[in-house]
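Heads up, the thing below is written out as structure tokens.
Only the coordinates and a few stated rules stand behind these numbers; no lab work does. Being a predicted model, the structure only gives us computed values, none of them experimental. Cβ coordinates were reconstructed from backbone atoms using ideal geometry, including for glycine residues, and neighbour counts include every protein chain displayed.
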Amino acid sequence: MSGMPSKLFTTSEIARTCGVTKHTLFHYDEIGLLKPEFVNAKGYRYYSLQQCYTLEMISVLKKAGSSLKEIKDFLDNQNTDRFVSLIRQKQRELELELNRMQRIQSFLDGALQMTENAQKTPRNTPAIEEQQTAYFITTPVGPDISDHEYARKYSEHRCYCEEHLIIHELPYWSIVDLQQLQSGEYYPRYIASRLPGPAQGDNIIMKLHGLYAVMDHKGSYETLEHTYAALKEFIQSEGHSVCGDAYEMDLYNYFTEDNPEQFVIRISVHVCP
């Protein structure tokens with residue numbers, strides 16, 4: 001192979017060594033991303049050992065989400081500062097993607113647990129039980145708002161959690177505060193999502209450890225008042241009083257049922273002896 005520098009790889013050799021295809025190498029040559037070290041009179045391409053490292057860099061950056069254009073821009077102006085900046089950028093992007101996947105996993109785990117809990121432990125009659133402390137990220141909703149406004153608030157809550165990369169559990173909750181319970185107005189004061197651990201902030205509500213009167217409501221949200229009335233009667237008969245907020249957890253909702261009459265919402269009302 002007269003005129004060819006020594007210690008070069010053929011296209012087949014470099015492709016096999018670096019775990020790429022010949023077609024990929026041809027494409028990289030065409031777009032100017034990685035041109036062969038030497039091309040002989042017959043048009044055969046030859047690559048150097050150093051270009052193996054360049055191919056490895058291209059592979060890593062592609063897996064990290066870089067486009068070929070971004071990689072070419074970097075290689076055309078390659079230096080240590082640009083390398084550090086690029087790697088840090090990719091680390092941030094991967095962290096965001098990891099958080100997104102964790103949120104999806106948490107969502108799926110919650111959806112499964114929500115449905116299985118409803119199937120295994122229905123609460124068709126009221127009972128008093130001890131519940132542990134829990135933390136919720138919340139979005140306030142005003143009284144007497146329309147269904148359209150409530151839907152907008154629901155969307156606002158979901159978008160806030162997504163934009164701030166907040167990992168939370170499914171199902172979504174509603175919180176009815178003590179004042180509303182006492183007045184017989186059961187429209188939610190907050191849309192809420194339970195957090196996996198303790199948190200602080202203006203939009204965080206801590207559900208207190210203590211005794212709760214619990215009962216499942218079956219039917220649409222519009223008929224919740226009947227279950228609240230039954231719970232209040234039960235609480236009084238047990239010698240307790242309402243002393244805190246109520247927490248509504250959707251068990252069967254629009255995720256699992258298309259008929260609102262088949263919805264199941266678990267209501268937990270904080271009570272004191």
Three-way shape call for region 114-258 based on the alpha-carbon gyration tensor, with the a/c threshold at 1.5:
rounded
Where does the charge balance sit around Thr11 when Lys and Arg score +1, Asp and Glu -1, over other residues with C-beta under 10 Å from its C-beta?
+1
³J(HN,Hα) across region 130-138 via Karplus (A = 6.51, B = -1.76, C = 1.60, θ = phi - 60°), whole Hz, x for Gly/Pro?
8, 10, 8, 4, 9, 10, 10, 8, 10
Once normalised by the length of the chain, the mean sequence separation of its alpha carbon contacts under 8 Å that are 6 or more apart gives a contact order in percent of 17
Here region 240-250 yields Karplus 3J(HN,Hα) values (6.51, -1.76, 1.60; θ = phi - 60°; whole Hz; Gly and Pro given as x) of 9, 9, 6, 10, x, 6, 10, 10, 9, 10, 6
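Using the structure shown, select from Lys22/Lys62; Lys22/Lys63; Lys7/Lys72 the pairs with a Cα to Cα distance greater than 29 angstrom.
Details: Lys22/Lys62 17 Å; Lys22/Lys63 19 Å; Lys7/Lys72 26 Å.
With Cα atoms farther than 29 Å apart: none of Lys22/Lys62; Lys22/Lys63; Lys7/Lys72.
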Ellipsoid semi-axes in whole angstrom, largest first, where each is sqrt(5λ) of the Cα gyration tensor of region 60-152:
48, 19, 13
Amide H of His217 versus every other amide H placed in the peptide plane: which residues, excluding those fewer than 5 positions away on the same chain, fall under 5 Å?
Ile265, Arg266, Ile267
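Using the Kyte-Doolittle scale, find the helices of the chain whose mean hydropathy is at least -1.0 and whose Cα atoms extend 15 Å or more along the helix's long axis, counting only whole DSSP H runs.
On the way: long enough: 49-63 (22 Å, 0.23); 80-120 (59 Å, -0.82); 147-163 (24 Å, -2.04); 224-237 (20 Å, -0.14).
Helix filter hits for the chain: 49-63, 80-120, 224-237.
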I'm spelling it out carefully: the read-out is volume of the Cα convex hull per residue in Å³, the candidates are (i) 191; (ii) 132; (iii) 154, and one was derived from this structure. Which label?
(i)
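Show me 174-187, 141-154, 124-137 ranked by packing, highest mean number of other Cβ atoms within 10 Å first.
Details: 174-187: 15.6, 141-154: 12.1, 124-137: 14.1.
Result, highest mean Cβ count within 10 Å first: 174-187, 124-137, 141-154.
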